[in-house]
1. I need the inter-copy label distances for B:Phe127: point set 7 Å along Cα to C-beta, values in nm with one decimal, smallest first.
2. Hey, got a sec? Which trypsin sites (Lys or Arg not before Pro) in segment A:1-57 land in a DSSP loop and have at most 12 other Cβ atoms within 10 Å?
3. Apply the Kirkwood formula to segment A:10-144: the hydrodynamic radius equals the inverse of the mean of 1/r over all pairs of different alpha-carbon atoms; give it in Å with one decimal.
4. Could you compute how fast the protein assembly as shown diffuses translationally, taking Rh as the Kirkwood radius over C-alpha pairs and applying Stokes-Einstein at 10 °C with viscosity 1.306 mPa s? Give it in µm² per second.
5. Output the DSSP H helices from chain B with an along-axis C-alpha extent of no less than 20 Å and a mean Kyte-Doolittle hydropathy no less than -1.0.
6. From the helices alone, meaning DSSP H stretches of at least four residues, give me the mean residue ellipticity at 222 nm for chain B, per-run term -39500 (n - 2.57), in deg cm²/dmol to the nearest 500.
7. Arranged by the count of other C-beta atoms within 10 angstrom, fewest first, what order do A:Asp117, B:Asp8, B:Asp136 take?
8. Taking the Cβ of each residue in A:Lys109, B:Lys83 as the centre, tally the other Cβ atoms inside 10 Å and list the residues starting with the fewest.
Number of protein chains: 2
Amino acid sequence: MTDSRWLDAREARLWQSYRDAYRELMRALETRLISNSGLSGADYALLHPLSVAEDGVLRTRDLGKSVGWERSRLSHQVSRMEKRGLVCREECVSDARGSMVRLTDIGRKAIEAAAPDHVDAVRTYFFDHLTPEEQDQLTTVLERIVNTIPTDPCAPSTCDE
Amino acid sequence: MTDSRWLDAREARLWQSYRDAYRELMRALETRLISNSGLSGADYALLHPLSVAEDGVLRTRDLGKSVGWERSRLSHQVSRMEKRGLVCREECVSDARGSMVRLTDIGRKAIEAAAPDHVDAVRTYFFDHLTPEEQDQLTTVLERIVNTIPTDPCAPSTCDE
DNA sequence: GTGTACTCGGTGATATGTCAACAGAAGTCC
DNA sequence: GGACTTCTGTTGACATATCACCGAGTACAC
């Protein structure tokens, strides 16, 4: 066990602003997204990778990877969106365990209608406040952090030391 | 309406890593927090400001501000924690509308037991990958972003232009 | 005072997310 | 082939978050 120092005032300020920024940013984006398009953040999160995928189809597994969600969450969300006609499920020909999620015409129209204002909002609330240099620096440190986070914090080497 | 340019590859990469970093970081922290202390992230979020408050008491409104939650979410969470004996509610003497949330002995012991490892985890997954200069730069840009996010995106000047 | 608008916290219905468990299929090793 | 493990997606029960609303109290103008 390491001797864990407390966070000092400077560190606490960073940690606070890190979480505040994410929370407020997502809240602002989602509020605006819903009022402008009727799509939730979760809807948009799934529709986007589908819309850029070939033929608007992705294997459920790959869709899950691109949004970083657990399988059950993804399955429930797809079911809800299927009811609303935004997507539909299909069988996976190459692997009988799998399933495919396909963007419907309604789904494509929905994201195409929502995207411009959403992108504009992301620019307004996020990118517009960062210089190109700051953007590059931010990408560097965030990717560094992502790449060192253990997939399972209770894996052999990490949990019992 | 502005002419909203699409995100280019560089921007999309930053936006992706920004969300990935937050999601994976919080997932890793919460998993470890729960396994080490039995407290959820939401529990910890409320217990921390209470533990540093004078006498371990805060007005519900102020507790809400310090975590940035909506009132109903806060109320539900406090109710659940009250059932488990982590906190208790009290009347607010200065304002009969208000209520106070107080840390119980059980609650204080719980967060004191959880905090060292949690802080260690925050260092391990986040601070240890940033130089002091990067930390300061990050604080600067994040605070800049937070301070420009509108409280209500549909306020008069923003929504209809 | 009285009327009005606003603040504060809570509630129940609903929406969403998580967890444990399952079934079927595919991969692996012998 | 057969035994075993892993992968994939789904489901239902449960936990948590959000939404619309209420009721009581306060602030303020008059």
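1. Taking the point 7 Å beyond Cα along Cα→Cβ, the inter-copy spacings are 3.4 nm.
2. On the way: sites: A:Arg5, A:Arg10, A:Arg13, A:Arg19, A:Arg23, A:Arg27, A:Arg32; in loops: A:Arg5.
Of the trypsin sites (Lys or Arg not before Pro), the ones in loops of segment A:1-57 whose Cβ has at most 12 other Cβ atoms within 10 Å are A:Arg5.
3. Details: mean 1/r = 0.0602 Å⁻¹.
Across segment A:10-144, the inverse of the average 1/r is 16.6 Å.
4. Values: Rh = 22.0 Å.
Translational diffusion coefficient: 72 µm²/s.
5. Numbers: long enough: B:9-37 (41 Å, -0.89); B:105-125 (30 Å, -0.37); B:132-148 (25 Å, -0.72).
Answer set is B:9-37, B:105-125, B:132-148.
6. Working: 7 runs with 104 residues, N = 161.
Result for chain B: -21000 deg cm²/dmol, rounded to the nearest 500.
7. Working: A:Asp117 18, B:Asp8 8, B:Asp136 13.
Result, fewest neighbours first: B:Asp8, B:Asp136, A:Asp117.
8. Result, fewest neighbours first: B:Lys83, A:Lys109.
Quick note: the coordinates plus some simple rules give every number you see, no bench work behind them. For clarity, every value in this text was computed on a predicted model and none was experimentally measured. A quick note on method: Cβ atoms are made from the backbone with ideal geometry, for glycine too, and the neighbour counts reach across all protein chains shown.
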